[in-house]
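Everything below concerns the one structure shown next.
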Amino acid sequence: SQQGEEDPQALSIQEGENATMNCSYKTSINNLQWYRQNSGRGLVHLILIRSNEREKHSGRLRVTLDTSKKSSSLLITASRAADTASYFCAVPGSARQLTFGSGTQLTVLP
Amino acid sequence: GAGVSQSPRYKVAKRGQDVALRCDPISGHVSLFWYQQALGQGPEFLTYFQNEAQLDKSGLPSDRFFAERPEGSVSTLKIQRTQQEDSAVYLCASSLGYGAGANVLTFGAGSRLTVL
């Protein structure tokens, strides 16, 4: 079973617009990560946010974490066609693995 | 190499055949993970190695799945008597530290298995 669940499942926007995707999880965590996956490729790490952080930036990415609501959001500003990919949130699992959500498929139209 | 390497990239097997998927992690990475990813879904955890020790195999779907990492570097995922439901992309990931709690995973490109 997957602890993290992303919303929406799919998102289509025009180039230059901002894209926001959300992640909800079930148990207490000490950090949350976001990964990107281009079609036919492996996942690439984007950003890690710790439980004592509310917001973190990396380039055009902005991640928020609300531990009271057990939710996180990923904002991509000024999107580009190259941002087209699936985006996954991941939280530490019950053992030592990362547990991934089902992902948001983002399509950025030129 | 600079990244995680997986082979083969594509494998077609007839139902009942055995397959072996190989993962070359980043040199020096202690932790190695195998994940299974069905089409349109997120990766599902299969098993975890810390060096040569398989510390968690709770995600392996059946006793037809077997993984090893005998020398603490290269790992092989073996699937015996493949079934159609085994069709998926198998992803390998490694990390420098122990476990994945606060460590970043580096993924390979995956091995896509199709069972006919």
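The values are calculated or read from the model by the stated rules, or taken from the named source; none is laboratory data. If you're wondering where the values come from, they're calculated on a predicted model, not measured in any experiment. In this analysis, Cβ positions are derived from the backbone assuming ideal geometry, glycine residues included, and neighbour counts consider all displayed protein chains. Ligands, DNA and RNA are stripped out before the accessible areas are found, and what is left, the full protein with its side chains, is counted by its heavy atoms. Shrake-Rupley method; radii C 1.70, N 1.55, O 1.52, S 1.80 Å.
Quick notes on this structure:
- Restricting attention to the range B:91-116 and to residues that are within 11 Å of chain A (Cβ to nearest Cβ) and closer than 15 Å to B:Phe65 by Cβ, the residue that is farthest from the chain's Cα centre (by Cα) turns out to be B:Ser111.
- Positions within the range B:34-90 being touching a residue at least 12 places away in the same chain (Cβ under 8 Å), among the hydroxyl-bearing types (Ser, Thr, Tyr) and away from every other protein chain (no Cβ under 14 Å), in sequence order: B:Ser73, B:Ser75, B:Thr76, B:Thr82, B:Ser87
- In the range B:74-109, of all residues being part of a loop (DSSP other than H, G, I, E, B) and modelled with pLDDT of 95 or more, the one that is surrounded by the fewest Cβ atoms within 10 Å (Cβ to Cβ) corresponds to B:Arg81.
- Residue within the range A:71-88 that is within 26 Å of B:Leu60 (Cβ to Cβ) and in a strand (DSSP E or B) present: yes
- Candidates A:Arg96, A:Arg36, A:Arg41, filtered to the one that is under 22 Å from B:Tyr35 (Cα atoms), in contact with a strand residue (DSSP E or B) (Cβ under 7 Å, 6 or more places away or on another chain), open to solvent by 60 Å² or more (accessible area, probe 1.4 Å) and not in a strand (DSSP E or B): A:Arg96
Yes/no per residue for (1) within 10 Å of the chain's Cα centre (by Cα); (2) at pLDDT below 95; (3) within 12 Å of B:Val89 (Cα to Cα); (4) surrounded by fewer than 16 Cβ atoms within 10 Å (Cβ to Cβ):
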position: B:Asp18; (1), (2), (3), (4): no, no, no, yes
position: B:Gly28; (1), (2), (3), (4): no, yes, no, yes
position: B:Phe33; (1), (2), (3), (4): yes, no, no, no
position: B:Pro43; (1), (2), (3), (4): no, no, yes, no
position: B:Phe49; (1), (2), (3), (4): no, no, no, no
position: B:Asp56; (1), (2), (3), (4): no, yes, no, no
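- Residue list for the range A:13-53, filter: touching a Leu at 6+ places or on another chain (Cβ under 9 Å), among the charged types (D, E, K, R) and within 8 Å of chain B (Cβ to nearest Cβ): A:Arg50
- Residue match in the range B:11-24 (condition: facing another protein chain (nearest Cβ under 10 Å), hydrophobic (A, V, I, L, M, F, W, C) and in a strand (DSSP E or B)): no
- Taking the numbered list (1) at pLDDT 95 or above; (2) exposed (fewer than 14 other Cβ atoms within 10 Å of the Cβ) in turn, A:Leu106 passes all entries but (2).
- Within the range A:7-48, the set of residues being under 10 Å from the mean Cα position of the chain (by Cα) and of a type in the set (Lys, Arg) comprises A:Arg36 only.
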